[in-house]
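Here is the structure we will look at.
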Amino acid sequence: MTTKPARTRLAPSPTGRFHLANARNALYSYLLARQTGGQFILRIEDTDQKRFVPGAEEVIVRSLDWLGISPSESPFHGGPYGPYRQTERREIYLQRAQLLVKGGHAYPCFCTSERLNEMRKEQEARKVDRVRYDGTCRVLDPDDSARRIAGGEKYIIRFKMPYEGTTTAHDHLRGDIIIENKYLDDYVLLKSDGLPTYHLAAIVDDHEMQITHVLRSAEWLPTFPLHVQIVRAFGWDEPVWVHPSIMLKPSGKGKMSKRDTAAAMKDGHSIFIDDLNELGYIPEGVLNWIAFMGWGVAEDDVMTLDQMVERFSIDSLTPSPAAINFQKLDHFNGTHIRLLTIEDLAARIKPYLTGAGLEVPHETLLKVTPLIRERLVTLDDSLAFATFFFK
RNA sequence: GCCCCCAUCGUCUAGUGGACUAGGACGCAGCCCUUUCAAGGCUACGACCGGGGUUCGAAUCCCCGUGGGGGCACCA
């Protein structure tokens, strides 16, 4: 392939667990980078301090390592475009936001949340199509605003969305997405705590870190035109935007909820990577499973990571939502377990056996492994089939 | 409510106007192999959401419905 090296990124927020959708975006990003001889980087989007979960960052990195798709640049690995944690980049965002204000693309807003709430209520009562900021501060005199800021008044910075016209954003999988600007809003770019919102931070960082392909969840589609507007306001080049489909619960009715994840766990399944590890799934199986939720391959869909690197293409990603299928996870896992050498499989089984308090001599284990490998769906199953041979 | 996205077997998908009797995989059913259970092999069942166009010809292009999903925060 003669493609230029791609720089891709995974940009999770450390606010929860590392799940399937994160892993899939990571996988596709990793595949594209490796295939083109580029870099896959990890950036932590921790600008929401209220929702920050301690330890979440570590789980993300551990999950990526376990899957075998580690980033080459991250808060933990370092790299030439750091820092890779957004709270450590606040000066950059402030500076860029001020640049937009100077250019007339953004403005400071002094409205209190109380006033905003009232405004919203009033608009809802009027049953407007689109509740949005009424523009009070949009027309303020810049010098007055500067004085108020200098005087210590609390403020935020909003993007100045055109009231008229349309915005066309190009998604690699769906083509042009056209929206009338009146359905967009004067989105907040910089919060009163001085930290940016996603809209500003992601756009600035993707540019600063020279990301060539942005792969992110389709949940971003509604604000996609806004992001394109911001890129254009800065006068920057756009990356290639790819929004893989969202993942639906097994029934196909909506996204996974707390209840759905609990139900899955009862059956020995999970959408969380660290759970999958503990349940005895192997990275090869999990990777294969997530790869094909949204990636259309004609035949031969059992693949190793290296084979995926060879065959991957963002052109063959599908735009429609995919329902999670745990039976397929079991199938891929069992298949990949059988692809392992006896030595490799034995080594992976061992902790499960010793963890159950069994004494496991290596010689015996090597003899037993071929006997049970045909019936393993997970490594954990070895306990049920092999306990008999040990004491 | 408004906006956006999507639409092929139960599920994941191949298919980019004729090679489609619509292919593969999971699951399901049966058979073979096998002392049993698996694994493996074979076979069966099983889909182009509906209606209009365009065209000699439409799963494939366009429009309208319908259905499903997502989004409407100083969250990402």
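Side notes on the structure shown:
- Simple Cβ-charge dipole of chain A, Lys/Arg +1 and Asp/Glu -1, about Cα centre, in debye nearest 20: 780
- Mean-position separation - Cα centroids, segment A:256-312 and segment A:332-346, in angstrom: 16
- Cross-linked pairs A:LYS182/A:LYS253; A:LYS4/A:LYS328; A:LYS102/A:LYS191; A:LYS154/A:LYS255; A:LYS50/A:LYS154; A:LYS121/A:LYS154: Cα-Cα separations exceed 27 Å for A:LYS182/A:LYS253; A:LYS4/A:LYS328; A:LYS154/A:LYS255.
- Principal-axis tilt of helix A:113-125 within chain A, Cα atoms, nearest 10 degrees: 90
- Over segment A:235-391, relative contact order from alpha-carbon pairs under 8 Å, at least 6 apart, %: 27
- Top positive-direction residue, dipole computed over segment A:263-364 with Cβ charges, set A:PRO283, A:GLY355, A:ILE337: A:GLY355
- Fewest-first sequence of A:PHE389, A:PHE332 by Cβ atoms within 10 Å of each Cβ: A:PHE389, A:PHE332
- Residues of type aspartates and glutamates that A:LYS249 reaches as a straight line, Cα spacing below 14 Å, ignoring anything fewer than 8 places off in the same chain: A:ASP260
- Length-normalised contact order for segment A:125-225 - Cα pairs under 8 Å, 6+ apart - percent: 25
- Descending Cα extents along the principal axes, segment A:104-240, whole Å: 44, 37, 24
- Seen against the Cα atoms of chain A and their longest principal axis, helix A:224-234 is set at about 60 degrees.
- Cα-based helix-to-principal-axis angle, A:362-372 vs chain A, degrees rounded to 10: 80
A short reminder: the numbers here are calculations on the coordinates, not readings from a lab. Keep in mind that what you see is a predicted model, and the values were worked out from it rather than measured. Neighbour counts are summed over all protein chains in view; Cβ atoms, including those assigned to glycine, are modelled from backbone coordinates with ideal geometry.
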